[in-house]
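Single-structure report; data block below.
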Amino acid sequence: MTVPTDASIQLFVKPAAGNQNVTLLSWGRYRVGIQGGKAAISANGETNWQQTEAALPTNQFTQLTAVFDTDLSLYLYVDGEKVIETTASGHVGGSTGTANVTIGKSFNGYLDEIRLWERALDEGKGDIKNTYNRLLTGNENGLVAYWRLNDPVTDETYDISYTGTNYHKNHAKLTGVKLSTDEHPTDGQLGL
């Protein structure tokens, strides 16, 4: 997929074990992961992680929203609350053109509701509060990929994002994945 200059990544995560060090999602230089059991973000390809103070719980889903802005500002929201606001450091570089999106490699746990945006979601305009705990229609401004992970297929998941009448079709291939119909965010965490 094309890697934009401004980007946002949203996903629900439920680790099955604490103290993991994994990348949950990589998209070009942008990363959302877990470092030492804590939610973390990186804008330079994993060489400099910024992590939260509190560890992620293993008994429930947590929603993460990572925002990467043109001025190298990084923001991480946990369940809609800003927990990291910093400036990217290290070798950041510009947009890398296109890159594969990798999700959940070596992660022990569950992921749900994965969304990629080609814009920095704006807290002041209500972008975070209006999206983090809601199902989307798929045609929201700047949404370029939306994997609900509710497909009853074991080898792929479908991108339901679209513009006008054209679906983006950024479908994902699944390998080494175990699907679960029992593990998903509660109705209080994710609703219409």
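The values are calculated or read from the model by the stated rules, or taken from the named source; none is laboratory data. None of these values were measured; they are calculated from a predicted model. Glycine also receives a Cβ, built like all others from the backbone with ideal geometry; neighbour counts cover every protein chain displayed. Protein only, heavy atoms only, side chains kept; ligands, DNA and RNA dropped before computing areas. Shrake-Rupley method; radii C 1.70, N 1.55, O 1.52, S 1.80 Å.
Assuming R0 = 22 Å, what is the FRET efficiency of Thr98 and Tyr158, from their Cβ-Cβ distance, to the nearest 0.05?
Values: r = 20 Å, r/R0 = 0.91.
For R0 = 22 Å, the calculated efficiency reads 0.65.
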If each residue of separation counts as 0.36 nm, what is the full-extension length gain between Asn139 and His171 once their alpha-carbon separation is subtracted? 9.9 nm
Modelling each spin label as a point 7 Å along the Cα-to-Cβ direction, I'd like the Asn48/Asn21 distance in nm, to one decimal. 1.9
Phi to ³J(HN,Hα) by Karplus 6.51 cos²θ - 1.76 cosθ + 1.60 over region 4-21, Hz, x for Gly, Pro: x, 6, 9, 8, 9, 10, 10, 6, 9, 9, 9, x, 8, 9, x, 6, 7, 10
Over the chain, with the other protein chains present, what is the accessible area per residue in square angstrom, probe 1.4 angstrom? 50
Taking 25 °C and 0.890 mPa s as the conditions, I'd like the Stokes-Einstein D for the chain in µm²/s, using the Kirkwood hydrodynamic radius from alpha carbon pairs. 148
What spacing in nm lies between the two simple spin-label points modelled at Met1 and Asn130, each 7 Å away from Cα in the Cβ direction? 2.1
For region 1-34 and region 142-177, compute the distance between their C-alpha centroids and round to whole Å. 16
Return the long-range amide H neighbours of Ala55 (sequence gap of 5 or more, or a different chain), with a cut-off of under 5 Å between placed amide H atoms. none
Size of charge dipole - the chain - debye, nearest 20, with Cβ of Lys, Arg +1 and Asp, Glu -1, no other charges: 320
